[in-house]
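Just so you know, all these numbers are worked out from the coordinates, no wet-lab data involved. Just so it is clear, the model here is predicted, and its values are computed rather than measured. Quick reminder, even Gly has a Cβ in these numbers, built from the backbone with ideal geometry, and neighbours come from all protein chains shown.
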Amino acid sequence: MESIALVGDAVVVSTLTTPLAEVASSDATLRAFLHGLPGVDRVGADQRAAALGTRSIKTTAKSQAIDLAISMVDLTTLEGADTPGKVRAMCAKAAHPDPSDPSVPRVAAVCVYPDLVPHAVRALAGSGVKVASVATAFPSGRTSLDVKVTDTAQAVAAGADEIDMVIDRGAFLAGDYTTVFEQIVAVKAAAGEAHLKVILETGELATYDNVRRASWLAMLAGADFIKTSTGKVSPAATLPVTLVMLEAVRDFRATTGRMVGVKPAGGIRTTKDAIKYLVLVNETAGEDWLDPAWFRLGASSVLNDLLMQRQKMATGRYAGPDYFTLD
Amino acid sequence: MRFEYAPAPESRDVVDIKPSYGLFVNGEFTEGGGTPFKSVNPADETVLAEIACADEADVDRAVQAARKAFETWSALPGSERAKYLFRIARIVQERARELAVLESLDNGKPIRESRDVDLPLVAAHFFYYAGWADKLKHAGFGPDPRPLGVAGQIIPWNFPLLMLAWKIAPALACGNTVVLKPAETTPLTALAFAEICVQAGLPAGVVNIVTGAGATGAAVAGHADVNKVAFTGSTEVGRLIARSVAGTGKKLTLELGGKAANIVFEDAAIDQAVEGIVTGIFFNQGHVCCAGSRLLVQESIQEELLGALKRRLATLRLGDPLDKNTDIGAINSAEQLARIRTLADAGEQEGADRWSPSCPLPDKGFWFPPTLFTGVAQSHRIAREEIFGPVLSVLTFRTPAEAVEKANNTPYGLSAGVWTEKGSRILWLADKLRAGVVWANTFNRFDPASPFGGYKESGYGREGGRHGLEAYLDV
């Protein structure tokens, strides 16, 4: 029994005996399934997300939320100008977000380009912070499957614990769901033991119906996490899009028994934003997802705001931005 | 990880409730001839204030003041009347926080709703009708429509300030003066509105507020010098008023009860439909005449939808109305709570299955948990009578025709909801449903530009929009 559990999710998917086992067997069944999902009413979804955004999280609840949010951050740098030095500095911050206060939890992971993975792995050895790497010709994904698989394999070989892949939005929008599905399966195989986060790039999918379909497509293909955005396209993560994805993972678990994580990324800058996402998780997917293993915040600047708010809660005073490190 | 929201109460300090309130007649606060009564906070049963009670003589004074003020008010150019209405709208916005807290204290509704729904709509209503005041010639009621005179207006306790706005804004815009009686359990915001009238410099007598119970209301509706009666409330009282007004030449509009069907088809956007069902029946504790109190769900998705609905109801937060995270507040009065209990018990006795999420109720105050009845038949009392509480009756249908038949099979006809992703079906249903408002893929959405009113026992006349002017013009 033990050995089966350790084989990994790719195997679990291939032996899926739920009603969904046959869904991906042909282009037609996959299309029929995805188009058979209940629609999403944009007005209603926006309203629901906005209403949850008015929850008032104060005092003890706010303290709890801030620490939880810090522990869920995927501290990210994805620039052409990234250097080993920049990555090392970010890793130091990830392991000890506030050097003056050891009670601050570490963040969940750092997220970098594949060639910088070795530097991050070295800097974070023994810290408990995971190393995530984007792969598959991030951010556009416009290359051959071979290159995507190689990109992934190299990142994993370099020590990445998590792979953030992008889907082929062109194929998705053209209705070629099988191509998207097969690419995720191939990347998942290449990722091996590494956790696979599948970036839907919801800003390019345009409709909430597409967000729901892409979420299910990624989960059916074996995604461990579904992630909103690369951060390179506007809009990046929004509350309603995250709401739709949280509904998808909730329904997917109800159908298959398998739990999939969610990661909004991009555009989350303030503590207030972060807390709104936690409320959304709490009241949509439920408390099981309120854990860094199942929910992440892809962001960088939000961390300092969380630290400032945390210190304000503890001391009653705001310290200026100069008292928090910029890494 | 368990994430508990800490209490986040809105401060009561923004309101200054006096120990006692008089009537507002001819621009002044005066004593009443009846025995004063107390207004109670339904969330903890504490007395908020003592309120004067208007007897027949007081009502007569108020009507006389309104009659006198009518001469000058109706002679003002529309653009001048508009100035007062715009001013009132702005003061309402400026004092919105105070009025929202006051409303939640007196009514029991969650501050989230009084702050985000009631108060913005109140201001919007005054702004909207202020805009009509100098454009009545273009409203489609003739080249120079005239006001009626003195309007006697009686409003309910479920949306105290909003119903006041629905009544007073169009009346004043058209050039009428008013004598308004708020409900006896929720008079405080109407009395705060009287202060706003003073603050806005509204001429004395244009708005008069007489507080009291049924007898005061009967005196208002029955007064010989009232030209127009507008009532929102129960069908039972509406009948009495219609009888008293019959043959007098008074113009009458009634906005009465409802038993709206919220119809969910198998192709609906399920997650949003669930939200719409919740908004439909649990908004304002179900104290809504147009509440979607009958859920008609297509049999093919019954199990899935009810599962999702129950999961959602488990997240509703019931408690202190002033807590900013409260979704369900207190039932407005002991009397209403007793009525809800009676009907819910009848539902059980008649064989429907009752379900509520685990939901501890506060010890003090009037509370009722969100409640769902499944296995309800058309013949059950809970499918026919207006409960006016957080109680949803679930029925099923197989075909669109059956949905229409069941939806229309009620003595009421105030509102209905349709949930489907199929546009042609929405249009077909909107045509077939005998209801004054049909919401498609939403519920309980209000806008001052949209007329509101019922068919059959839900009353007659329309409030809101251009149509709402007709009730206050001599046409």
Which three extents, in whole angstrom, do the alpha-carbon atoms of region B:261-440 cover along their principal axes, largest first? 49, 31, 29
Region B:285-357 shape via C-alpha gyration tensor axes, a/c threshold 1.5: oblate
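Report the rotationally averaged projected area of region A:22-315 based on its alpha-carbon convex hull, in square nanometres. Spell out each step's value before the answer.
Values: hull surface 57.9 nm².
Taking the Cα atoms of region A:22-315, their convex hull projects to 14.5 nm² on average.
Return the loop-located trypsin sites (Lys or Arg not before Pro) in region A:281-327 (DSSP other than H, G, I, E, B) with at most 13 other Cβ atoms within 10 Å of their own Cβ; answer none if there are none.
Values: sites: A:R296, A:R310, A:K312, A:R317; in loops: A:R296, A:R317.
Passing sites in region A:281-327 are A:R317.
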At what distance in nm do the modelled label points of A:K272 and B:E402 sit from each other, each positioned 7 Å from its Cα along Cα→Cβ? 5.0 nm
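Relative to the Cα centre, what is the charge dipole magnitude of region B:261-440, using +1 at the beta carbon of each Lys and Arg, -1 at the beta carbon of each Asp and Glu, and rounding to the nearest 20 debye? Spell out each step's value before the answer.
Details: 18 positive and 22 negative charges, 49 e Å.
For region B:261-440, the charge dipole is close to 240 debye.
In region B:270-322, what GluC sites (Glu not before Pro) fall in a loop by DSSP, with at most 14 other Cβ atoms inside 10 Å?
none
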Counting only residues 5 or more apart in sequence or on a different chain, those whose built amide H sits under 5 Å from that of B:K251 are B:K228, B:V229
Sites B:D225 and B:E31, calculated FRET efficiency, Cβ-Cβ separation with R0 25 Å, nearest 0.05: 0.65
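Based solely on its DSSP helices, what 222 nm [θ] is calculated for chain A when runs of n ≥ 4 H residues each add -39,500 (n - 2.57) and the sum is averaged over all residues, nearest 500 deg cm²/dmol?
After summing the helix terms and dividing by the residues of chain A, the value is -15000 deg cm²/dmol.
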Could you name the lysines whose alpha carbon sits less than 27 Å from that of B:K364, not counting residues in the same chain fewer than 8 places away? A:K58, B:K18, B:K38, B:K109, B:K310, B:K324
Dipole-positive endmost among A:V40, A:L243, A:N304 within region A:22-315 (Cβ charges, Cα centre): A:N304
Using the alpha-carbon atoms, what tilt in degrees (0 to 90, nearest 10) does helix B:119-132 show relative to the longest principal axis of chain B? 50 degrees
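If you count the DSSP beta bridges with both ends in the protein assembly as shown, what percent of them are antiparallel, to the nearest 5? Walk me through the intermediate numbers first.
Working: 16 of 82 bridges.
Of those bridges, close to 20 percent are antiparallel.
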Out of B:F388, A:A190, B:N325, whose Cα points farthest toward the positive end of the dipole of the protein assembly as shown (charges: +1 Lys, Arg; -1 Asp, Glu; placed on Cβ)? B:F388
Pull up all non-local amide H partners of B:L392: gap of 5 or more, or a different chain, and H-to-H distance under 5 Å with H placed in the peptide plane. B:T371, B:L372, B:F373
Any GluC sites (Glu not before Pro) in region B:1-67 that lie in a DSSP loop and have at most 16 other Cβ atoms within 10 Å would be B:E4, B:E31, B:E45
Just to be sure I understand the model, the point goes 7 Å from the Cα along the line to the Cβ. What's the resulting B:D44 to A:T60 distance in nm? 1.9 nm
Say the dipole of the protein assembly as shown comes from +1 at the beta carbon of Lys and Arg and -1 at that of Asp and Glu; which of B:L105, B:A346, B:A215 then lies farthest toward its positive end? B:A215
Placing each pseudo-label 7 Å from Cα in the direction of the beta carbon, B:K422 and B:A139 end up separated by a distance in nanometres of 4.1 nm
Of region B:359-383, those with amide N under 17 Å from the point 7 Å along the Cα→Cβ vector of B:Q349 are B:377, B:379-383
Please list, ordered by chain and number, the residues whose modelled amide H lies under 5 Å from the amide H of A:L196; skip anything fewer than 5 residues away on the same chain. A:I163, A:D224, A:F225
P(r) histogram, all alpha-carbon pairs of region B:435-475 included - 5 Å bins from 0, percent: 6, 22, 25, 26, 14, 4, 2, 0
Residue-wise, which Karplus ³J(HN,Hα) couplings in Hz belong to region B:296-306, taking 6.51 cos²θ - 1.76 cosθ + 1.60, θ = phi - 60°, and x for glycine or proline? 9, 10, 5, 4, 5, 10, 3, 5, 4, 5, 5
Assigned charges on the beta-carbon of Lys, Arg, Asp, Glu; chain B dipole about Cα centre (debye): 1020 debye
Volume in Å³ per residue [convex hull over Cα atoms, computed for region B:103-209]: 101 Å³
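For the protein assembly as shown, take the convex hull of the Cα atoms, compute a quarter of its surface area, and give me that in nm², please. Kindly include the intermediate steps, with their values, before the conclusion.
Working: hull surface 148.6 nm².
Value for the protein assembly as shown: 37.2 nm².
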Principal axis dimensions, chain B - Cα atoms, whole angstrom, descending: 63, 49, 38
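Place a +1 charge on the Cβ of each Lys and Arg in region A:116-247 and a -1 charge on the Cβ of each Asp and Glu, then give the dipole magnitude about the Cα centre in debye, rounded to the nearest 20.
Details: 11 positive and 14 negative charges, 47 e Å.
Rounded to the nearest 20 debye, it is 220 debye.
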